[in-house]
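The structure under discussion appears below in the form of C-alpha cells.
The values are calculated or read from the model by the stated rules, or taken from the named source; none is laboratory data. Predicted model, so just to flag it, every value in this text is computed and none were measured. Don't worry about glycine lacking a Cβ; one is built from the backbone with ideal geometry, like all the others, and counts go over all protein chains shown. Remember, those area values only see protein heavy atoms, side chains included, never the ligands or the DNA or RNA. Shrake-Rupley method; radii C 1.70, N 1.55, O 1.52, S 1.80 Å.
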Amino acid sequence: MEANALTTTSDSIQPVRFYQSDYHVRTPEMRSPEFVQMSTAAAITLGLTPGKMHRTPCTHCLNLLVTYPEGCRANCAYCGLARHREEARDYADRNFIRVDWPTARYDDVIARVKAGADHGRFERMCISMITHPRSNDDTFVLLERWVCEVPRVPVSILSNPTTLEKDDLERMRDIGTDIFTVALDAVTPAIFERTRGKGVDSPHKFGHYWRAIEWAAEIFGPEKFGAHLICGLGETEREILEVAQAIRDMGGHNHMFAFFPERGSLMEDWPPADRGQWRRVQLARYIIDYAGGNARDMEFDAEGRVTGYGVPRATLEALIDSGKPFRTSGCPGRQDDVSACNRPYGDSSPTDILSFPFAPQRRDVEKVRRQMNGENVRAGI
Ligand code: SF4
C-alpha cells in the first residue's frame, strides 16, 4: 500500500477507500490503476455518494477517469482538468464537465458492480485517458481486469491519441474494448490549435487526432468507434456537421457536447453554446448518425447555419416529436440510438437542459421547437 494513500482520523491512520473532492483538506496521493476517479452521477448510481439528479434516477454508464497527483499534462482551454490549474487545485479536486469526480479503489468499484450495487443499471463502462506517462499502461490494466471480472458490461475507451500509436489501438481491441472513441472536440485545425495546441501551450495535434480516428475505423470497424465533438467553440454549424459526416462516412458515431464555460478553465468567461445553434446541430447530427441523412443534402445560409435538413418534412417533424435527437449522444446501451452514457447535466444546468439525460416529454419538445425558432426559453424545468 502506498505510504500516503492514507487518511488520518482522530486516533488512527486509515487507508483511503473513497475520496470525495474537497480542496479544504490535503488531497491523499492516489494513483491509477489502484485508484480511479468517477463522475458524480456514477458515484450516486453506485451508492458511493448520496444525491439525486433532476428527472433522472441514474446514469447508465460508469464513467471512470485515470488519476495521478501530477494530473493531465495537456492544457486544453475549455477543460477543468487542464495543467494550468495545478496551482489552484489538486488533480482529484478539479471539476470536469461541470461536476466533481470522486476517487475510489478500483477493487471496490469492481466488487460493488459485481455485487449489484448499481441494481444492474450500468449498461456500459468507460475509461477516460489523460496525457500522462502512465496513462496507456494503466488503461490496459484497468481494461483487462474489467473485461475479465465484469464481462456483462461492455467497455468504451475515451482515448488520448497524443500518447497512443496504432498498435496500442490493436492491443485495446484484442483485450476486449467494445467502442473506441477519440475526443477530437474542436472540429477545425485552427480552433484545435487555439484551444488544444500551441495556442495554450498544449501538446495535442489535429492531424494526429484525425489519424487516430482513421486507425479506429480500420481496427474497430463500423459502429465500434466514434468521436467527441464540441459545439460552440467558434465553428459554424456547417463545419461541425461536415466533420460529423466524415466520421459517419468511415462508419463511426458522433458524441456531441454543447460548450459550457467550465469553472476554472481558460474559457470560463466564454458564452455557453447558443441554444438555437445547438438544437439545429443536435437534430442534424441525429439525422446523419441514425436517420440515413447526409450533410451533403443539407442546406446552410451564408453564416453556415442549417436551413434545410435534407429529409422529407414529415420525417423531420416525427424526429423532432420523438425527442430522441435532443438526448445526450454517446456510446449506446441496450438501444442502439440511445446513449447509455447519458452524462446527466454534463454540458448544461438542470434549469436549462441542452443534452437531455432522459427521454424528453411533450412539454420539453415544445420548448425545444421554440428554441430552434430562436426564442430565448429554457427547457427541462
Ligand atoms: S460517449 Fe461516453 S462512454 Fe462513449 S467514449 Fe464518450 S464518455 Fe465514454
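Among the listed residues LEU354, LEU319, identify the single one that is within 22 Å of PRO261 (Cβ to Cβ) and modelled with pLDDT of 95 or more.
LEU354
Can you find a residue that is more than 18 Å from MET129 (Cα to Cα) and in contact with a Pro (Cβ under 9 Å, 6 or more places away or on another chain) anywhere in segment 194-206?
Within segment 194-206 (the criterion being more than 18 Å from MET129 (Cα to Cα) and in contact with a Pro (Cβ under 9 Å, 6 or more places away or on another chain)), the answer is no, since none of the residues qualifies.
Restricting the search to segment 74-131, which residues are open to solvent by less than 40 Å² (accessible area, probe 1.4 Å), assigned to a loop (DSSP other than H, G, I, E, B), small (Gly, Ala, Ser) and on the phi < 0 side of the Ramachandran plot?
Across segment 74-131, the qualifying residues are ALA74, ALA77, GLY80, ALA82, ALA117.
For segment 156-163, indicate whether the set of residues that are within 16 Å of the ligand (Cβ to nearest atom), under 29 Å from THR59 (Cα atoms), touching a His at 6+ places or on another chain (Cβ under 9 Å) and open to solvent by 40 Å² or more (accessible area, probe 1.4 Å) is non-empty.
No: zero hits.
Every residue in segment 245-269 that is within 14 Å of ALA77 (Cα to Cα) and within 20 Å of the chain's Cα centre (by Cα), please. I'd like the intermediate steps shown before the answer.
Of segment 245-269, the ones within 14 Å of ALA77 (Cα to Cα) are 259-269.
Of everything in segment 245-269, those that are within 14 Å of ALA77 (Cα to Cα) and within 20 Å of the chain's Cα centre (by Cα) turn out to be PHE259, PHE260, PRO261, GLU262, ARG263, GLY264, SER265, LEU266, MET267, GLU268.
Quick check on segment 340-355. Is at least one of its residues farther than 19 Å from VAL99 by Cβ and under 23 Å from the mean Cα position of the chain (by Cα)?
no
Which of the following residues is hydroxyl-bearing (Ser, Thr, Tyr) and more than 16 Å from the ligand (Cβ to nearest atom): SER349, SER329, SER355?
SER349
Pairs under 8 Å by beta carbon, first residue without any contact (Cβ under 8 Å) to a residue 40 or more places away in the chain in segment 332-350, partner away from the ligand (no atom under 14 Å from the Cβ), six or more apart or different chains?
VAL338/LYS324
Within segment 228-273, track down each residue that is open to solvent by 20 Å² or more (accessible area, probe 1.4 Å), touching a Cys at 6+ places or on another chain (Cβ under 9 Å) and either over 13 Å from LEU184 (Cβ atoms) or charged (D, E, K, R) (or both).
Of everything in segment 228-273, just one residue is open to solvent by 20 Å² or more (accessible area, probe 1.4 Å), touching a Cys at 6+ places or on another chain (Cβ under 9 Å) and either over 13 Å from LEU184 (Cβ atoms) or charged (D, E, K, R) (or both), namely LEU266.
Only residues that are open to solvent by 30 Å² or more (accessible area, probe 1.4 Å), under 30 Å from SER156 (Cα atoms) and without any contact (Cβ under 8 Å) to a residue 24 or more places away in the chain: list them for segment 293-331, please.
SER322
Output the residues belonging to segment 184-224 that are touching a Cys at 6+ places or on another chain (Cβ under 9 Å) and of a type in the set (A, V, I, L, M, F, W, C).
Those that are touching a Cys at 6+ places or on another chain (Cβ under 9 Å) and of a type in the set (A, V, I, L, M, F, W, C): ALA186, VAL187, VAL200.
Checking ASP289 against (1) away from the ligand (no atom under 16 Å from the Cβ); (2) within 22 Å of ILE179 (Cβ to Cβ); (3) in a helix (DSSP H, G or I), which test does it fail?
Looking at each condition in turn, ASP289 falls short on (1).
Can you name the residue in segment 136-145 that is in contact with a helix residue (DSSP H, G or I) (Cβ under 6 Å, 6 or more places away or on another chain) and open to solvent by less than 40 Å² (accessible area, probe 1.4 Å) and is also farthest from the ligand (Cβ to nearest atom) among such residues?
My answer is ASN136.
If you take the residues of segment 164-182 that are over 18 Å from HIS208 (Cα atoms) and within 12 Å of the ligand (Cβ to nearest atom), which of them is surrounded by the fewest Cβ atoms within 10 Å (Cβ to Cβ)?
ASP178
Looking at segment 365-381, I want the residues that are acidic (Asp, Glu) and have a partner that is modelled with pLDDT under 95 with Cβ atoms under 9 Å, at least 6 apart or on another chain. Which pairs are those?
GLU366/ALA379
Any residue in segment 202-221 that is closer than 27 Å to GLN335 by Cβ, open to solvent by 50 Å² or more (accessible area, probe 1.4 Å) and among the basic types (Lys, Arg)?
No.
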